[in-house]
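Trainee: Handing you this structure, nothing more for now.
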């Protein structure tokens, strides 16, 4: 089994109307349930807005802090999953489901080494 | 022999060892060994089997060496590789698996094309770079990156499940046809045709048709390529000038390729599951049937384009349909259809408009349209052709 990171890319501006947000949340809940039942689920979480981020950088012992996300842009990671899957095809299938539920782009990245356990 | 056996051997070894680099290197070693040995010792009873067995032994040697240096991946590959004799029988499916891996939609199309030519075609990185007019380091980088992604992201080495097969097969066929087209009408450069790419695409098409005889689109693509290829000798003059279908010397068309292509089209008709490649092949078969351009059954061509528009509508198909319709109902009707198409950036759109305008005697407009077409094409032979056509305006 390989581990994959599924990141949700969310626009910084604008919030969806409550009604469609409710729909997204209930679809995500169902998806998480299905991932758990399939043994694919490892972790999931949603993030506060990118504007709440802080970047820490060590410059020869001196700590530099900047307010806001590291990368510029109009979209940032808004939530993520870590999943277990036998191969990329299986991971992409979960990503497809996640993209449909969130109506947002999902980036799939393989982890370098198998985490313990 | 080399290209045929290269893909076969790489495919078997990738399945056996789960690592493309190991497989490629071992197969290369085996071929090098064959070149050294066979001239003096003579051909072994089964050259293909010999290559696979030798490559397999080389791979195991290399993995043992790496494993003793505590390379975890090599150890894993060795554990995965059972110590059994290599047979040629089940190889069939290995090549099919490898094609689907090379043409996986998680890889960018240029990477799919390069990998397919490298692993199944056995072309060198230099050859692929030259064929696509890309600097060699760029092509090498592209291949390394693609192989790295297959390994690290876990792109499986497997024929897709039934449900995914239509989409995944479409991607494979698109790669093969792209290779053919790049060879047929090189998008830029001096030569109109780069024969080696056409030959390689047809070889891949034959391989696929052999591996998936019940997929009509696979057969359709092979038929399409064969029928287009049959006209290659007449498509340019000895001086490299472009000759249009209507002006080609049909006695010089390759009868053998036409017969093979038309037989495949007939087989498609029997399967009765039409698709875009089969319909394009059928259109080409109509042209191949006509002893002269004037004798072409244009209404059948229009009918086939109607079907093509139904299954795979696109402005380019509509443009080609308009050309056929102009032959049935006259240039006025053709131009009416062409003018409605949003293909302003496509050189053939302007070239076809120019030709229809010329036939209607609207020469000033035709000259402008040729101008637009010339500005948009980078292929020297096509540009020369268009410039000749423009200079002939008003001469008649």
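A short reminder: the numbers here are calculations on the coordinates, not readings from a lab. Just so you know, these numbers come straight off a predicted model, no measurement behind them. For neighbour counting, all protein chains shown are included, and Cβ atoms are generated from backbone atoms with ideal geometry for every residue, glycine included.
Trainee: Segment B:339-381: percent of C-alpha pairs farther apart than 15 Å?
Mentor: More than 15 Å apart: 35 percent of the Cα pairs in segment B:339-381.
Trainee: For segment B:183-293, what is the convex hull volume of the alpha-carbon atoms per residue, in Å³?
Mentor: For segment B:183-293, the hull spanned by Cα atoms encloses 98 Å³ per residue.
Trainee: Any chance you could check the Cα centroid distance between segment B:331-368 and segment A:1-76 for me, in angstrom?
Mentor: 52 Å
Trainee: Same structure again: Using Cβ counts within 10 Å as a stand-in for footprinting exposure, how do A:4, A:70, B:346 rank, fewest first?
Mentor: Numbers: A:4 24, A:70 12, B:346 17.
Ranked by crowding around the Cβ, least crowded first: A:70, B:346, A:4.
Trainee: Is the shape of segment B:268-321 rounded, prolate or oblate, going by the alpha carbon gyration tensor and its root eigenvalues a ≥ b ≥ c, with a/c under 1.5 for rounded and a/b larger than b/c for prolate?
Mentor: oblate
Trainee: When the helix-only estimate is applied to chain B (DSSP H runs of n ≥ 4, each -39,500 (n - 2.57), divided by the residue count), what is the mean residue ellipticity at 222 nm, nearest 500 deg cm²/dmol?
Mentor: Here the helix-only value at 222 nm equals -22500 deg cm²/dmol.
Trainee: Under 10 Å, Cα contacts only: if you run a Gaussian network model on chain B, which one of B:199, B:129, B:32 comes out with the highest mean-square fluctuation?
Mentor: B:32
Trainee: As I understand it, the value is the acute angle between the Cα axis of helix B:298-311 and the longest principal axis of the Cα atoms of chain B; what does it come to in degrees, rounded to 10?
Mentor: Between the helix axis and the principal axis of chain B, the angle is about 50 degrees.
Trainee: If you take the Cα atoms of chain B, find Rg, then find the Kirkwood Rh from the mean of 1/r over all pairs, what is Rg/Rh?
Mentor: Expressed as Rg/Rh, it is 1.04.
Trainee: Can you tell me the alpha carbon radius of gyration of segment B:98-178 divided by the globular rule-of-thumb value 2.2 N^0.38 Å?
Mentor: Compactness ratio reported: 1.06.
Trainee: Taking chain B as the reference, fit the longest principal axis to its C-alpha atoms, fit the long axis of helix B:136-153 to the helix C-alpha atoms, and give the angle between the two in degrees, 0 to 90, nearest 10.
Mentor: Taking the Cα atoms of chain B, the angle to B:136-153 is about 60 degrees.
Trainee: Of A:87, A:22, A:58, which has the largest mean-square fluctuation in a 10 Å C-alpha GNM of chain A?
Mentor: Fluctuation is largest for A:58.
Trainee: Let me ask something else. If I take the Cα coordinates of segment B:277-369 and project them onto the principal axes, what are the three extents in Å, biggest first?
Mentor: Reported extents, whole Å, longest axis first: 38, 29, 19.
Trainee: If you take the square roots of the eigenvalues of the alpha-carbon gyration tensor of chain A and sort them as a ≥ b ≥ c, do you get rounded (a/c under 1.5), prolate (a/b over b/c) or oblate?
Mentor: Cα axes put chain A in the oblate bin.
Trainee: Report, in degrees rounded to the nearest 10, the 0 to 90 angle that the Cα long axis of helix B:216-229 makes with the longest principal axis of chain B.
Mentor: 60 degrees
Trainee: Here is a follow-up. To the nearest whole number, what is the average tally of beta carbon atoms from other chains within 10 Å of the beta carbons of peptide A:11-17?
Mentor: 0
Trainee: For chain B, set up a GNM with springs between Cα atoms under 10 Å and report which of B:112, B:28, B:278 has the largest fluctuation.
Mentor: Per the Cα network of chain B with a 10 Å cutoff, B:28 tops the list.
Trainee: Is the shape of segment B:99-141 rounded, prolate or oblate, going by the alpha carbon gyration tensor and its root eigenvalues a ≥ b ≥ c, with a/c under 1.5 for rounded and a/b larger than b/c for prolate?
Mentor: Taking the square roots of the gyration eigenvalues as a ≥ b ≥ c, segment B:99-141 is oblate.
Trainee: Here is a further query. For the protein assembly as shown, report the translational diffusion coefficient in µm²/s to the nearest whole number, using Stokes-Einstein at 37 °C, 0.692 mPa s, and a Kirkwood Rh over Cα pairs.
Mentor: 123 µm²/s
Trainee: Once the principal axes of the Cα atoms of segment B:135-181 are found, what is the range along each, listed largest first in whole angstroms?
Mentor: Its Cα atoms span 38, 31, 10 Å along the three principal axes.
Trainee: Could you give me D for segment B:291-339, from Stokes-Einstein at 37 °C and 0.692 mPa s, where the hydrodynamic radius is the Kirkwood radius over C-alpha pairs? Units µm² s⁻¹, please.
Mentor: 302 µm²/s
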